[in-house]
Amino acid sequence: MNELMRRMLWLPEQASEYARRVDGLHFFVISTTMIAAFGVFATAIWFFVRYRRRSDSDVTPVVHPRAIHEALFIGVPLALFLLWFAIGFPQYVSLTLPPPDAQDVFVQGKKWMWKFAYAGGPNSVDTLRVPADRPVRLLITSRDVIHSFYVPALRIKMDALPGRYTQTWFTADRPGRYEIFCAEYCGLGHSSMLGELVVMPQAEFDDWVAEQRRNVLAAAQDGGAAVQPVLGRAGVVDEGRRVAAEQGCLKCHSVDGSRHLGPTWTDLYLRQSKLKGGKTVVADEGYLTKSMMDPAADIVDGYQNVMPTYQGRMSPPEVAAIVEYIKSLRTPAVRSGPTEGPVYESIPRKQ
Amino acid sequence: MNPSPASSDAPAVLPARTYLNAPDTGLMSWANTRDHKRVGVMFLVSTTIAFFLGGVFALLIRLELLTPGPTIMDAMTYNRLFTLHGVVMIFLFMIPAIPSGFGNFLLPLMIGAKDVAFPKLNLLSFYLYLAGAAVAIYGLIYGGTDTGWTFYTPYSTTTATKVVPVLLGAFIIGFSSILTGLNFIVTTHTMRAPGLGWNRLPLFVWAIYATSIIQILATPVLGMSLLLVAVENAFGWGIFDPARGGDPVLFQHFFWFYSHPAVYIMILPAMAVISEVVCAFSRKNIFGYKAVAYSSLGIAFVGFFTWGHHLFVSGQSVVDAGIFGVLSMFVGIFTAIKVFNWTATLYRGSIAFKTPFAYFVGFLFFLVFGGMTGVALATLSLDVHWHDTYFVVAHFHFIMVGATVMGFLAALHYWLPKISGRMYPEGWGLVAAVMVVLGFNFTFIPQFLLGNEGMPRRYFSYPEHFWALNVASTAGASVLGFGLLIVLVYTLASLRWGPVAGPNPWNSRGFEWATPSPPPPENFDATPVYTSGPHEYDEQAVPQPQLPEPEPRHV
């Protein structure tokens with residue numbers, strides 16, 4: 001029955017006990033709505049037929065309601081609505097009361113990605129991994145405008161507000177992959193601010209955390225060491241690709257020559273571009289670095305000023321790696337001259 | 001006073017002297033008019049143009065959503081389009097259409113007055129509307145506002161697009177709304193003809209009166225909050241942006257304190273129309289006059305205390321959320337009272353299934369579903385899932401398009417003979433009504449399911465599993481659009497070629513039909529005296545002599 005109703009109403013899968021309880025209320029509400037609406041319409045249709053006009057000079061009796069009619073008109077829907085409320089309100093309250101043993105995950109929304117951080121590491125972008133059958137509390141905030149963290153499969157949603165933390169919690173009990181949406185309009189990339197919730201069995205999750213922590217530790221030791229391991233050119237490019245993906249650069253900049261929210265990175269290096277003010281710049285290392293730190297300074301004509309600054313959010317080696325990555329994205333015959341749409345074959349997306 | 005029955009023998013002719021040709025027909029005579037009927041007609045024409053524009057924007061939005069990726073435009077254009085659609089439909093069409101258009105035309109006629117209390121303010125209200133509309137549309141098109149009609153901060157105060165002109169436009173239109181509301185309240189209080197006590201007021205007047213109260217009390221709050229956004233956007237003062245020390249959620253409280261009652265500014269006038277139509281076409285007194293009249297006031301009152309249901313997932317306290325949830329349900333109760341009373345009015349009536357009645361049927365259906373889903377949304381745990389998804393979009397379109405536009409169309413058909421003296425083609429009217437009602441269902445029922453499935457609002461692109469329902473919705477929207485186009489075409493045509501209707505083609509006992517159609521500039525030859533309530537059909541109409549009266553005291 002649950003499965004039939006869920007499919008009839010196009011509801012997503014139910015990844016938690018809470019979702020199943022909310023759906024139970026949903027089915028009750030929709031059934032009573034249908035019955036009430038059917039009652040009103042059936043009565044109305046009966047009246048249309050029974051009391052259709054037979055002559056243009058018809059007169060009709062004056063009918064006034066008795067007190068009992070109006071009392072029923074008020075009492076029946078009121079009782080029904082309060083019943084819905086009596087079921088729905090405790091469910092809503094339960095969403096605000098995370099169990100004390102819940103695992104905390106910090107969620108940060110920013111244009112246009114989700115960042116997740118676990119106490120004591122690791123961090124991730126757009127992919128939230130949680131253990132199954134264990135309560136998880138999300139502490140949610142935003143870096144810029146209001147976003148809203150929404151997982152349909154869990155039937156939960158909570159606004160990410162700049163300058164304050166909100167919270168919600170869930171216990172996912174079905175391992176699998178579920179969609180995360182941004183539900184509060186946040187600009188150009190609103191509909192691509194998607195993420196993924198990965199519910200893993202506890203053991204798998206523990207392995208993943210341990211693995212990630214080892215990597216973080218290794219990276220910290222590398223950074224602290226006096227001698228940086230010398231990466232070959234290819235190694236730096238790979239690093240740049242990784243950082244670019246992690247920082248979300250590729251959400252707005254394509255690497256296949258197609259125009260997106262920002263200019264494509266393919267053949268960007270040393271390209272001459274016309275700016276908003278009419279000036280022309282050559283996209284050399286200096287311009288590329290400046291564009292990451294102070295994006296609003298020189299906007300290429302035809303694009304919006306929507307890129308956030310990355311000042312203080314990437315280490316200098318990471319910035320350099322991204323520049324190297326951009327430099328590596330070249331098609332054989334580089335054209336110079338004013339910016340134009342890609343006239344060459346796009347290179348296939350790697351990975 | 002009873003309206004005279006239509007004479008069915010001789011072909012009707014238009015009265016020689018009407019508000020349309022007296023004192024003059026020139027453009028200047030319209031631009032300088034003090035006649036509430038002409039002001040009403042000017043509002044009707046301009047709001048219909050706004051409706052047309054908003055409808056075109058809606059169809060473009062639906063076209064873009066036909067495929068999961070980009071279809072005919074880029075993300076920025078899409079964001080601007082849904083802002084345009086929302087602002088034009090709400091501020092330029094929904095809010096003024098029925099109260100300022102039909103309300104202006106009919107309210108004085110229904111209460112036996114020569115005009116509204118402040119005819120010059122009435123004209124000013126129209127020019128404020130025009131000025132505000134011009135500023136807002138300029139801002140939307142040249143400034144490319146991309147915030148949505150809700151202007152949520154801090155997005156609206158940090159976006160690179162221009163927001164200030166739209167805010168100023170909406171601010172100016174707000175004054176138009178306030179002046180109209182003020183005018184109607186004073187008119188209803190002071191200018192009722194002899195014999196017309198409060199318990200004889202037509203239900204249309206009751207609902208318009210309740211609307212006017214909301215307009216006067218809520219609109220200043222909108223003006224204030226829009227100004228605050230404009231100030232923050234233009235001068236960088238930290239009011240709502242936390243990066244500058246403001247509070248981002250404060251704006252939502254301010255905004256919905258107006259914009260939630262504004263929903264009732266849009267729906268109450270439609271209920272006003274429906275109360276008249278259901279009586280006229282079932283030839284029956286309203287079942288529960290006082291219940292219908294007072295529930296309008298109830299909606300106007302409770303509507304002020306429900307704004308928090310827009311903030312159930314904004315970190316609002318649980319106690320607040322619970323209170324707002326229950327209060328929101330009370331609106332549902334007042335609406336249910338009206339629905340049951342309208343349905344019961346049909347009992348032992350004499351029902352003529354004409355076009356306005358067809359729209360009443362559509363209205364009833366949409367209001368029941370829109371209202372019940374509204375109460376479902378106030379059931380807090382369900383709202384957490386539905387909030388900001390297409391379920392909400394479908395819900396408020398059921399109320400605003402479903403109910404309000406059906407009310408508007410019912411009014412258009414019912415009072416077209418009153419306004420123009422000519423009839424629309426009944427066959428085409430029914431065809432279009434069927435298309436509109438069916439097209440509307442096909443457009444918005446899939447959107448309820450999309451919301452269940454979890455598709456958020458204002459998405460330019462969407463994952464592929466939302467595709468099928470989006471195609472269904474776009475298909476429905478094209479049927480709806482085509483139906484509305486038919487209405488537009490035959491309405492314009494019948495203004496010129498429609499058969500002359502006569503003073504009272506519906507044999508209605510509504511007070512506004514007691515004068516010739518179209519009415520003379522001063523509405524009545526002599527001030528009418530009311531001896532019975534409205535909507536009374538229990539005996540054959542007996543034309544009663546209108547007692548000559550001294551000039552009304554308000555002139």
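Of all positions in region B:77-90, at least one carries a residue that is within 14 Å of chain A (Cβ to nearest Cβ), among the charged types (D, E, K, R) and out of contact with any Phe, Trp or Tyr (no Cβ under 8 Å at 6 or more places or on another chain). With respect to the stated conditions, A:Ser142 fails to be within 16 Å of the chain's Cα centre (by Cα), surrounded by 17 or more Cβ atoms within 10 Å (Cβ to Cβ), over 23 Å from B:Tyr155 (Cα atoms) and at pLDDT below 95. Note on region B:375-388: among residues that are facing chain A (nearest Cβ under 7 Å), in contact (Cβ under 8 Å) with a residue 24 or more places away in the chain and over 14 Å from B:Gln316 (Cβ atoms), the one that is surrounded by the most Cβ atoms within 10 Å (Cβ to Cβ) is B:Thr379. Of all the numbered requirements in (1) at the interface with chain B (Cβ under 7 Å from one of its Cβ atoms); (2) within 30 Å of B:Leu367 (Cβ to Cβ); (3) assigned to a helix (DSSP H, G or I); (4) not aromatic (Phe, Trp, Tyr), A:Val93 misses one, and that requirement is (2). Does B:Lys284 satisfy the criteria of being within 30 Å of B:Glu539 (Cβ to Cβ), within 14 Å of another protein chain (Cβ to nearest Cβ) and either touching a Gly at 6+ places or on another chain (Cβ under 7 Å) or at pLDDT 95 or above (or both)? When the stated conditions are applied, B:Lys284 passes them.
Flag set for B:Ala160, criterion: small (Gly, Ala, Ser) and within 8 Å of chain A (Cβ to nearest Cβ).
A single entry from A:Trp84, A:Trp10 fulfils the requirement of being facing another protein chain (nearest Cβ under 7 Å) and at positive phi: A:Trp10. Annotation: B:Trp149 fulfils all but one of (1) over 30 Å from B:Phe184 (Cα atoms); (2) modelled with pLDDT under 95; (3) within 13 Å of chain A (Cβ to nearest Cβ); the unmet one is (1).
Only one of the numbered conditions (1) among the β-branched types (Val, Ile, Thr); (2) part of a helix (DSSP H, G or I); (3) within 14 Å of chain A (Cβ to nearest Cβ) is violated by B:Ile239, and that is (2). Restricting region A:266-292 to residues that are in contact with a Gly (Cβ under 9 Å, 6 or more places away or on another chain) and not hydroxyl-bearing (Ser, Thr, Tyr), the residue that is surrounded by the most Cβ atoms within 10 Å (Cβ to Cβ) is A:Arg271.
Yes/no matrix, rows are residues, columns are (1) buried (at least 20 other Cβ atoms within 10 Å of the Cβ); (2) of a type outside the set (Phe, Trp, Tyr); (3) on the phi < 0 side of the Ramachandran plot:
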{"site": "B:Phe287", "(1), (2), (3)": "yes, no, yes"}
{"site": "B:Ile299", "(1), (2), (3)": "yes, yes, yes"}
{"site": "B:Phe305", "(1), (2), (3)": "no, no, yes"}
{"site": "B:His310", "(1), (2), (3)": "yes, yes, yes"}
{"site": "B:Asp320", "(1), (2), (3)": "no, yes, yes"}
{"site": "B:Val326", "(1), (2), (3)": "no, yes, yes"}
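Only a single item in (1) buried (at least 23 other Cβ atoms within 10 Å of the Cβ); (2) within 30 Å of A:His147 (Cα to Cα) is not met by B:Ile445, and it is number (1). Does A:Ser124 qualify as being crowded, with 17+ Cβ neighbours inside 10 Å, at the interface with another protein chain (Cβ under 8 Å from one of its Cβ atoms) and within 25 Å of the chain's Cα centre (by Cα)? Criteria not met by A:Ser124. Beta carbons closer than 8 Å, at least 6 apart along the sequence or on distinct chains, pair a first residue in region B:211-235 that is farther than 8 Å from B:Gly181 by Cβ with a second that is basic (Lys, Arg) for B:Glu232/B:Arg244.
Please work out if A:Ile68 is among the β-branched types (Val, Ile, Thr), under 41 Å from the mean Cα position of the chain (by Cα), more than 8 Å from chain B (Cβ to nearest Cβ) and loosely packed, with under 12 Cβ neighbours inside 10 Å. When the stated conditions are applied, A:Ile68 does not pass them.
Within region B:400-412, the residues that satisfy the criterion of being modelled with pLDDT of 95 or more and either of a type in the set (A, V, I, L, M, F, W, C) or surrounded by fewer than 24 Cβ atoms within 10 Å (Cβ to Cβ) (or both) are B:Val405, B:Met406, B:Phe408, B:Leu409, B:Ala410, B:Ala411, B:Leu412. Listed by first and then second residue, the pairs with beta-carbon distance under 8 Å, at least 6 apart or on different chains, first residue in region B:92-110 and surrounded by 24 or more Cβ atoms within 10 Å (Cβ to Cβ), second of a type in the set (Lys, Arg) and not in a helix (DSSP H, G or I), are B:Pro108/B:Lys114.
Restricting attention to region B:121-130 and to residues that are surrounded by fewer than 20 Cβ atoms within 10 Å (Cβ to Cβ) and within 20 Å of the chain's Cα centre (by Cα), the residue that is nearest to B:Thr161 (Cα to Cα) turns out to be B:Leu130.
If you take the residues of region B:96-144 that are among the β-branched types (Val, Ile, Thr) and in a helix (DSSP H, G or I), which of them is farthest from B:Trp513 (Cα to Cα)? The residue in question is B:Ile141. Entry remark, region A:162-204: residues being facing another protein chain (nearest Cβ under 8 Å), of a type in the set (Gly, Ala, Ser) and without any contact (Cβ under 8 Å) to a residue 60 or more places away in the chain number 3 in total. Restricting attention to region B:312-340, the residues that are within 7 Å of chain A (Cβ to nearest Cβ) and assigned to a helix (DSSP H, G or I) total 12. Counting only helices (runs of 4 or more DSSP H) wholly contained in region B:398-507, the ones carrying 2 or more residues that are free of Cβ contacts under 8 Å to residues at least 12 places away in the same chain and away from chain A (no Cβ under 14 Å) occupy B:467-497.
Yes or no: A:Asp104 assigned to a loop (DSSP other than H, G, I, E, B) and either aliphatic (A, V, I, L, M) or out of contact with any His (no Cβ under 9 Å at 6 or more places or on another chain) (or both)? In short, no. Residue count for region A:13-51 under the criterion of being among the hydroxyl-bearing types (Ser, Thr, Tyr), closer than 30 Å to A:Val130 by Cα and more than 10 Å from chain B (Cβ to nearest Cβ): the result is 1. Within region B:159-189, the set of residues being under 13 Å from B:Ile141 (Cα atoms) and in a loop (DSSP other than H, G, I, E, B) comprises B:Thr161, B:Lys162, B:Val163. Each residue in region A:1-27 was checked for being surrounded by fewer than 15 Cβ atoms within 10 Å (Cβ to Cβ), assigned to a helix (DSSP H, G or I) and among the hydrophobic types (A, V, I, L, M, F, W, C), and 2 of them qualify. Entry remark, region B:175-210: residues being within 21 Å of B:Gly510 (Cα to Cα) and touching a residue at least 40 places away in the same chain (Cβ under 8 Å) number 22 in total.
The values are calculated or read from the model by the stated rules, or taken from the named source; none is laboratory data. The structure displayed is predicted, hence computed values, not measured ones. Cβ sites come from the backbone with ideal geometry, for glycine too, and all protein chains shown count toward neighbours.
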